[in-house]
1. State which helices in chain A qualify, where a helix is a whole DSSP H run, it must extend 27 Å or more along its own axis by its Cα atoms, and its mean Kyte-Doolittle hydropathy must be at least 0.5.
2. Sequence gap at least 6, Cα distance under 8 Å: using those rules, report the relative contact order of chain B to the nearest whole percent.
3. State the Cα centre-to-centre distance between the stretch B:294-344 and the stretch A:234-278 in whole Å.
4. List, in order, the whole-Hz ³J(HN,Hα) value for each residue of the stretch A:29-35 obtained from phi through the Karplus relation with A = 6.51, B = -1.76, C = 1.60 and θ = phi - 60°; use x for Gly and Pro.
5. Looking at the stretch A:1-104, which trypsin sites (Lys or Arg not before Pro) are DSSP coil and have at most 10 other C-beta atoms within 10 Å of their C-beta?
6. Let me know the shape class of the stretch B:215-530, please: from the alpha-carbon gyration tensor, a ≥ b ≥ c as square roots of the eigenvalues, rounded when a/c is under 1.5, otherwise prolate if a/b is greater than b/c, or oblate.
7. Among the complete DSSP H segments of chain B, which ones combine at least 30 Å of alpha-carbon extent along their axis with a mean Kyte-Doolittle hydropathy of -0.5 or more?
8. Sort out for me the Cα centre separation of the stretch B:473-531 from the stretch B:368-427, rounded to whole Å.
Amino acid sequence: MFDILYHSLATGVVTTDYPKTPAQTSRQSRGRPEIDAPNWKDARAAVAACPTGALSCTDGPETRRVTLDLGKCTFCGFCAEADPAIRMSNVCELAARHKAELTTTIQYQLAPDGTHQALLSPPRAAADPRPAALDAVGAQLKARIAKVLGRSLHIREVDAGSCNGCEVEIAGLNSPVYDLERFGLHFVASPRHADMLLVTGPVSRNMELALRKTYEAMPAPRLVVAVGACGCSGGIFGTNYASLGGVDKVIPVDVYVPGCPPNPYALLHGILTAIDRG
Amino acid sequence: MNALPELQPILASLTERFGAQIQPMQIPRPNEVYFQGKMELVPGFCALLYKEWGARLASLFADDARAQTGDFHLYYVFALDAAHGFLILRVPVPPSQPRFVSLTNALPALNWQEREIQDLFGLKLEGHPNARPCALHDDWPAVHPLRKDFALRTVLPPFAGERHKFRVVEGEGVFQVPVGPVHAGIIEPGHFLFSVAGESVLYLQIRLFYTHKGTEKLFENLPLAHGVALAESISGDSAFAHATAFCHAIERAAGVEAPPRARAMRSICLELERIYNHIGDIGAIATDVAFVVANAHAMRLKEQVLRLNEQLAGNRLLRGLAAPGGVRSDWNTAQVEALRQRVAWLRPEFESLVALIRESSSTRDRLETTGILRPETARDLGIVGLAGRASGFAHDLRRDFPHAAYADVTFTVPVFQEGDVLRRLQVRVDEVRQSFSIIEQLTSALPSGAIRASLPVLPPDVVALGYVEGWRGEIFHWIRTAPDGRLARCKIKDPSLQNWPALSEAIQDNIIPDFPVINKSFNLSYSGTDR
């Protein structure tokens, strides 16, 4: 008994005070790829190197549109290896309320040999496709939900087909280092007790029904956070005979958290974004 | 090429016994020998290898080679631990008679693997005691996804949710407790149906493959370079081990070995993966018997290992470091120094965690004699890895089939006979200590030089078995190459697939409240099993 107490006292406080202090990721950590758009000469090598299609390009007769979708990106760094115009930053807090916010497009004028000439439009997040009025109603609703749920939120985690990498990091939120409970957030055992569903994916065909039922078992209002490249978009699995792709193919999603897997800071940022405390 | 000298007497005895019935062998690598024989031969082949040479069936899988030879092929992979080699029997199955004979009654270890072949290749099992589908759940249409004429992106009708018919367990006072697929904790999905009389569990039925996501089929559709990224997503907590097994298979197919520095870095990362998972499990086992303080300390230590991983690989789960031919990026002296210092810091911290648990008599009381997996049962089920070692099964690919840099270090393999939760915990404790020592040995004399060998373009139809002892147990990746630098087949064998049935045995006569701790003591990967 005294040993246990001594051990704990001797250890002291190990909890981070994130988000007051910024995320402490190492310099080597791979986060959002940064593209040197004005000096990029040819997207094709990086596009070919990308295993998930996060980086893609479509060529018109004289222009090329390059798209970077963080919802598909696993931060593997293959693109940066293939092309010196891309650098992997260690920025990990990338959660977004709308999938479109995860996508950046760049337009180039195309040279006859397939390389880029002039930069036509600099990197730009895709426009939100929904009408403004609807957005305003949505924002009001979100604010009310945040008010109801914001101070104490119960979270149910559902693995809808993940590789368990995301689970390793989500389980880490309960560690004394990240200590989710200091925000009034905690994991509960049943969807009936939950305000938020934290879903990892891709949603497998064999889990579709279970995910739907879990969502339906939750009392309203309810929030859904899609976790990881697979939860956001299907990731490297995409859609196939056994995988339906991202979580939003099955249930409505409020916040997307990119990463493969998202580290605990990215997860906290995503959860806090969903309740407007990010 | 000649087979290893240790394999020669075994090959001679097979030739003597079966003569012309087994076709001339192919020896692509000294420790990997292929035979071809008819289906009728398999039981006798198995019996001879098991009884006279102490072999075990490490993997059984199928391959659709109709385009190449006109047949499906079954591959029976025997591991001969003492002779340090693999004997692989290839059995052609003509498409006109798509069936094969089950060996599950004699070798229960094959149960799930045989059923999976039936599901994914449409080869009908004969004589299997329980030939129900496993990988494809009940209301899947009649498709066989790993056949070549089935397209990866096939769109199937929506899942209607037909109920699975479990076996009925009857008797006075017997009732059923269904659990899952969505569990109470932060874990993967699977369904457990307990049949209980009073408090004791009579029978546990496990239904998995909820996370089946077409991984093996996807390998056939990706360029090799992207295959490594997919291998990292087979089981996230074993990302590095799976990716390395995949790279190992490619290197063996190409006849190329990773440079010494890369091999040392691989072993270090495999041990870091072992350390963070074992420490996490030690804490989780403590939590499941309500010793939460120990878990808090374990999580604190695990976090420090994950942060070290991030410094070494750019990713906390060691993703993005493995590469065919070696590793993708080198470590500078600062990174090696960070590794050395972190391990030096971890050693005493880990020992005080172990002491904390050891000195808690109530914890020990809950763990000892709980969830016993008897050595004979473990042997019948072919249990591998740490669960096998806790039940008297002393094999470890790091020692018996040295890969990465394991030939250059000394370490011991802990083995216990009792097979209870306490021993599975103790195996982890001992292995973490060995891992510290392995890392110290490797960092004190880290080879310099290249980190990646260049690989030639692989010709089609080369077969190779890659292997790695991951923290759960042995991981195999078997590949057959296709033209254009792609794969015609990638068979993944995660130790979890082999070990799941052990849980049904270990829970018998225990109470349901002890199920979480028994389950955690195995900590099997659902995704690695389901793929």
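1. Result, helices passing both filters: zero.
2. 16
3. If we compute the Cα centre of each part, the gap is 25 Å.
4. 4, 8, x, 4, x, 10, 9
5. Qualifying residues, ordered by number: A:K20, A:R27.
6. Verdict is oblate for the stretch B:215-530.
7. B:260-288, B:292-313, B:333-358, B:421-444
8. 15
Here, each number is a calculation from the coordinates, and none is a lab measurement. Every value quoted in this text rests on a predicted model; they were computed, and no experiment measured them. Note: ideal-geometry Cβ built from the backbone for every residue, glycine included; neighbour counts use all protein chains shown.
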